[in-house]
Amino acid sequence: MKKLSVVIITFNEEANIARCIDSVKDVADEVIVLDSMSSDKTIAIAREKKARVFVGDFKGYIDQKNKALQLASYDYVLSLDGDEAIDEQLAKSIQYAKKNFMFSAYSMNRCTNYCGQFIRFGTWYPDRKVRLFEKKIAKWGGLDPHDKVLLPDRTAIFHLKGNILHYSYESVAAHNRQNEHFSTIAANSYRKAGKRTNPFKIVINPLWAFAHDYIIRAGFLNGKHGLVIAFKQAQYTYKKHIKLFRLQRKQGAPVVSIHEAKNNSNNMKSETDAATPSAIIGAR
């Protein structure tokens, strides 16, 4: 059986890190935690769980995940965020795959817990992610904060049964804070990448985000949380485009969100794009 490194990036995840590490105990040959100088008990808890803990400056989600990847001792890596865990079915699937890794990359579904309810419909599920892969062929890319695994063209990806459980939003207020924070990061990333927006996109794209999640992808089947999520998807899309539009007009310093003005921009926990698959064969 081949060995597997589990790498986890964290910032102030004392409420989640024990669950994350415990969930991989039957599949991990080592657990590595790369922390962004947490001010809570994240580091202490990770050490109690026998993880190898490293601490470093946070310069972006993509950069941090690539740093964590380089800390792995073994050829195959499972990459998680501190607010994630794997369910029993996924653990069994990974155990079976470890007997003889036949593929260079493996995908799995991610199921997000929103205010205590696992979301099974809409654009948030199945939310397929490539998270288990051969270290030498993969790297993290994308545009912060929406990272994805980049693989060589024609890489075969095998889909594993089971779910990554994503304990992302304990309240609507937490979702609002993340929308504010992530839309700022996205606007600055898009500007640096040369992407542009316009008044038409500012109006139409949020409407499409709502319709796509709530109607086309049947988010209404999630009940009242489904309506909230669809609205927040539209809100995030609007914020992202309006901030990018302001940057285009100012051509000045990066946008600073209200949340960042009150807190260091490094005090938000790592999240990944919660609306689209992380990677497909080749690249998204």
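Read the figures in this text as sums done on the coordinates, not as results from a lab. Quick caveat, the model's predicted, so the values are computed rather than measured. Every residue, glycine among them, receives a Cβ derived from its backbone with ideal geometry; neighbour counts consider all protein chains shown.
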Per residue of segment 116-132, what does 6.51 cos²θ - 1.76 cosθ + 1.60 with θ = phi - 60° give for ³J(HN,Hα)? Whole Hz please, x for Gly and Pro, Karplus curve as stated. x, 10, 6, 8, 10, 9, x, 6, 8, 8, x, 6, 5, 10, 8, 10, 10
At what distance in nm do the modelled label points of Gln70 and Glu88 sit from each other, each positioned 7 Å from its Cα along Cα→Cβ? 4.0
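Starting with the fewest neighbours, write out Val6, Val228 ranked by other beta-carbon atoms found within 10 Å of each beta-carbon.
On the way: Val6 27, Val228 17.
With the sparsest Cβ surroundings first, the list reads Val228, Val6.
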Spin-label point model (7 Å from Cα, Cβ direction): what's the Ala218 to Glu170 distance in nm? 3.2
Tell me the label only: which of (1) 23.1, 73; (2) 20.8, 66; (3) 18.5, 57 is Rg and Dmax of the Cα atoms in Å as calculated from this structure? (3)
Pull up all non-local amide H partners of Val53: gap of 5 or more, or a different chain, and H-to-H distance under 5 Å with H placed in the peptide plane. Val33
The relative contact order of the chain, taking Cα pairs under 8 Å that sit 6 or more residues apart, comes to a percentage of 22
Long-range amide H partners of Thr112, meaning residues 5 or more apart or on another chain whose placed amide H is closer than 5 Å, are Ile119, His166
Would you please give the residues with an amide H less than 5 Å from that of Met37, counting only those at least 5 places away or on a separate chain, with H modeled from the backbone geometry? Gly56
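Name the trypsin sites (Lys or Arg not before Pro) in segment 37-143 that are in a loop by DSSP and that have at most 12 other C-beta atoms within 10 Å, would you? Kindly include the intermediate steps, with their values, before the conclusion.
Working: sites: Lys41, Arg47, Lys49, Lys50, Arg52, Lys59, Lys65, Lys67, Lys92, Lys98, Lys99, Arg110, Arg120, Arg128, Lys129, Arg131, Lys135, Lys136, Lys139; in loops: Lys41, Lys49, Lys50, Lys59, Lys99, Arg120, Arg128.
Those satisfying the criteria are Lys50, Lys59, Lys99.
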Please enumerate, by chain and number, the lysines with C-alpha under 19 Å from the C-alpha of Lys224, excluding those fewer than 8 residues away in the same chain. Lys232
Residue by residue through segment 227-238, what is 3J(HN,Hα) from phi via Karplus (6.51 cos²θ - 1.76 cosθ + 1.60, θ = phi - 60°)? Round to whole Hz and write x for glycine and proline. 5, 4, 4, 4, 5, 5, 4, 5, 4, 4, 4, 4
Note on segment 4-169: contact order normalised by length, alpha-carbon pairs under 8 Å, 6 or more apart, percent, works out to 26
Highest-MSF residue in the chain out of Ala209, Ala193, Ala72 [GNM, Cα springs under 10 Å]: Ala193
Subtracting the Cα-Cα distance of Lys59 and Val203 from 0.36 nm times their residue separation yields 48.7 nm
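Tell me, what is a quarter of the convex hull surface for the C-alpha atoms of segment 8-80, in nm² with one decimal?
Value for segment 8-80: 4.4 nm².
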Calculate log10 I(q)/I(0) of segment 34-181 for q = 0.15 Å⁻¹, where I(q) comes from the Debye formula with a single equal point scatterer on each Cα and nothing for solvent. -0.91
For segment 240-249, Karplus-derived ³J(HN,Hα) couplings (6.51, -1.76, 1.60; θ = phi - 60°; whole Hz; x for glycine and proline) come out as 4, 6, 5, 5, 5, 4, 5, 5, 4, 6
Counting only DSSP beta bridges with both residues in segment 4-169, what percent are antiparallel, rounded to the nearest 5? 40
With only helices counted (DSSP H, runs n ≥ 4, each -39500 (n - 2.57)), the per-residue ellipticity at 222 nm for the chain, to the nearest 500, works out to -11000 deg cm²/dmol
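Relative contact order of segment 129-209, please, whole-number percent, based on alpha carbon pairs below 8 angstrom and at least 6 residues apart.
Values: 33 pairs, mean separation 20.3, N = 81.
Computed over segment 129-209, the figure is 25 percent.
Considering only the chain, what is the antiparallel percent among its DSSP beta bridges, to the nearest 5? Don't skip to the end; give the middle numbers.
Working: 17 of 42 bridges.
Restricted to the chain, the bridges split so that about 40 percent are antiparallel.
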